[in-house]
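The values are calculated or read from the model by the stated rules, or taken from the named source; none is laboratory data. Quick caveat, the model's predicted, so the values are computed rather than measured. All Cβ positions, glycine included, derive from the backbone under ideal geometry; neighbour counts span all protein chains shown. Just so you know, the surface numbers come from the protein's heavy atoms only, side chains and all, with ligands and any DNA or RNA stripped out. Shrake-Rupley method; radii C 1.70, N 1.55, O 1.52, S 1.80 Å.
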Amino acid sequence: MSEKNIEVVAALIWENGKFFACQRPENKARGGLWEFVGGKVEKGESKEAALIRECREELGVLIAVDNVFMDVTHPYPDITVHLTLFNARFTGEEPKMLEHQAFMWVKPEEADAAIFCPADVEILSEIKRRFANNEAE
């Protein structure tokens, strides 16, 4: 079985000391788990352009993409994901559930209450380390 490597981008969006998280649809890989909004980078696409496109497709929103918060590489049984998480912000519209089954705003110190995708665990540890019991931004 050949290992498939994919480039994935996601957005770390803050509002009032909480970050935005989405729940994956049950019928997809890792269904029901929570994640940061984002998706695969298409061939010839910049990471920033991919993130803007994914947020438009999945939430019906436009975002402003800032600097990279961190990146991680995580092997799943079926794929290896290289995930780049960008600081980003919504630019006006309210998010809509076009792809996910739920979304929520999460305080860093309460992140353990939701089960996130394994690739996000290291990111959540860093968010908690930097922002727990503090105001983000």
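Backbone phi angles across segment 113-119, fed through the Karplus curve with coefficients 6.51, -1.76 and 1.60 (θ = phi - 60°), yield HN-Hα couplings of 6, 10, 9, 8, 4, x, 5 Hz in residue order; Gly and Pro are listed as x. Label point of ARG53 set 7 angstrom out along Cα-Cβ; within segment 94-119, amide nitrogens under 19 Å from it belong to 98-100. Per residue of the chain, the DSSP helices (runs of n ≥ 4 H) give a summed -39500 (n - 2.57) that works out to -5500 deg cm²/dmol at 222 nm.
Sorting MET104, MET97 by accessible area puts them as MET97, MET104; the probe is 1.4 Å, largest comes first, and only protein heavy atoms count. Considering only PRO25, TRP14, ALA114, and ranking their Cα positions along the charge dipole of the chain that arises from unit charges at the beta-carbon of Lys, Arg, Asp and Glu, the one farthest toward the positive end is PRO25. The figure for SER46 is an accessible area of roughly 60 square angstrom, using a 1.4 Å probe on the protein chains alone. Available extension along the chain between ALA113 and ASN5 is 35.9 nm, counting 0.36 nm per residue and deducting the alpha carbon span. Averaged over its residues, the chain has an accessible area of 54 Å² per residue, based on protein heavy atoms and a 1.4 Å probe. About the centre of its Cα atoms, segment 1-135 shows a dipole size close to 40 debye [charges on the beta carbon of Lys, Arg (+1) and Asp, Glu (-1) only; nearest 20 debye]. For ASP78 and GLU15, a Förster radius of 30 Å and the Cβ-Cβ distance give a FRET efficiency of 0.35, rounded to the nearest 0.05.
In terms of its alpha-carbon gyration tensor, the chain comes out rounded; the largest-to-smallest axis ratio a/c stays below the 1.5 threshold. Measuring nothing but protein heavy atoms, the accessible surface of the chain at 1.4 Å probe radius is 48 percent carbon and sulfur.
Figure the gain on full extension for ALA64 and ALA102 (residue separation times 0.36 nm, minus the Cα-Cα span) and round it to one decimal in nm. Full-extension gain reported as 11.5 nm. Please report, to one decimal in angstroms, the Kirkwood hydrodynamic radius of segment 52-132 built from all distinct Cα-Cα pairs. For segment 52-132, the Kirkwood estimate is 14.2 Å.
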